[in-house]
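Each reported figure results from applying straightforward, stated rules to the coordinates on display, with no laboratory input. Predicted model only: the values in this text are computed from it and were never measured. Here the Cβ positions follow ideal geometry from the backbone for every residue, glycine too, while neighbour counts run over all protein chains shown.
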Amino acid sequence: MHLRFLSFGVALAASGVLAACATSSPVPQQVEAPKPAVVIAPATQALVYKRKVAIGRFTNETLYGKALLTGEQMDPLGRQTSDMLSTMLVQSGKFIVLERPDLWLARGEQEFSGVQGNNVGADALIIGSLTEFGREIEGEAGFLSNTKRQVARAKVELRLIDVKTARVFFTASGAGKATTEAATVMGFGDRAGYDSTLNDRAIGAAISDVLNQVVTKLAERPWRSDILKVEGSQVIISGGKRQGLKAGDHLAVMESGSSVRSAQSGFDVALPPTQVGEIVVQSTFGDNETDEGSICRLVSGSILAAQKATLFVAEVGK
């Protein structure tokens, strides 16, 4: 009898030790692949022109989330992806993002308020889609432990369109993954339920991935600006401190070359421009990137006010 009670006590103690180990062992809660950060270059003296971009269309081309939708209903996942892309474009600080999907709301408010709208065109149109999206459950089972992992994967494709020629000049794709994990030992530990936020994090990681490529591509375009007004030797141009301009900067005044239609490609080819003068920045003005400018002084060459329609400003030597 004494040996029987002793065996029972040892078994009970062993169970307690195992339970304690199960509840006190560290259990990973969420494991997520690091999202590529949006490329934001460090502050330099380089001139930066914020391209005007608009999202023309962004749709969900996968079957996920479409089972209960009809053709007349808006796809919520496609709209969510479009909104996330628009948010990241603005937060990158590299673009002036123009509204297109809900532009009618802005125009209605302008009419209601009696405000004259100043809607401008974009330099590039972004067209894209969510091409891959899905979830799966992975797991590992051991003698006393089990691990359950929920995984969401997403892939987006987009292309940039030159609005002047409707030519697709860049395409890119981005992929993202998000996971959450839970483990149990002898029935003790975390039990992971369905995590709906994995969808958002996977799509966000895919958009962040592709946005890095877009920023790099659009940054290849050399900086240039236009002349707003000419009064004698004083020249007022677009762009100020938010584009990197400061007092003392020297800029070249260029005259655009004529445009000739190519019989080979069918596109208009602009002949090389000619430098006609040089200006130096004296001061800048403006509250934001859409209304800022610089007051400059002509230090060489000759500029006539009647010519300014064919002139532009560029970095010296560019």
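Observations, loosely collected:
- Once backbone amide H atoms are built at 1.01 Å from N, GLY277 has VAL253 as its partners under 5 Å, excluding neighbours fewer than 5 places away on the same chain.
- Fraction of the pair-distance distribution of the range 224-315 above 18 Å, Cα-Cα pairs, percent: 45
- The distance between label points at SER233 and GLU99 comes to 4.6 nm (points 7 Å beyond Cα on the Cα→Cβ vector).
- Across the range 286-299, coupling constants 3J(HN,Hα) worked out from phi with the 6.51/-1.76/1.60 Karplus curve, θ = phi - 60°, read x, 9, 8, 5, 8, 9, 8, x, 9, 9, 10, 10, 6, 10 Hz, and Gly and Pro carry x.
- Note on ASP287 and GLU132: their simple-model spin labels are 4.7 nm apart, each label 7 Å out from Cα toward Cβ.
- FRET efficiency, ARG107 to ARG167 (Cβ-Cβ, R0 30 Å, nearest 0.05): 0.60
- Backbone amide hydrogens, once placed in the peptide plane, bring ILE96 within less than 5 Å of ARG51, LYS52, VAL53, excluding anything fewer than 5 places away on its chain.
- Other-chain or far-sequence residues with amide H under 5 Å of SER283's (modelled H): ILE295
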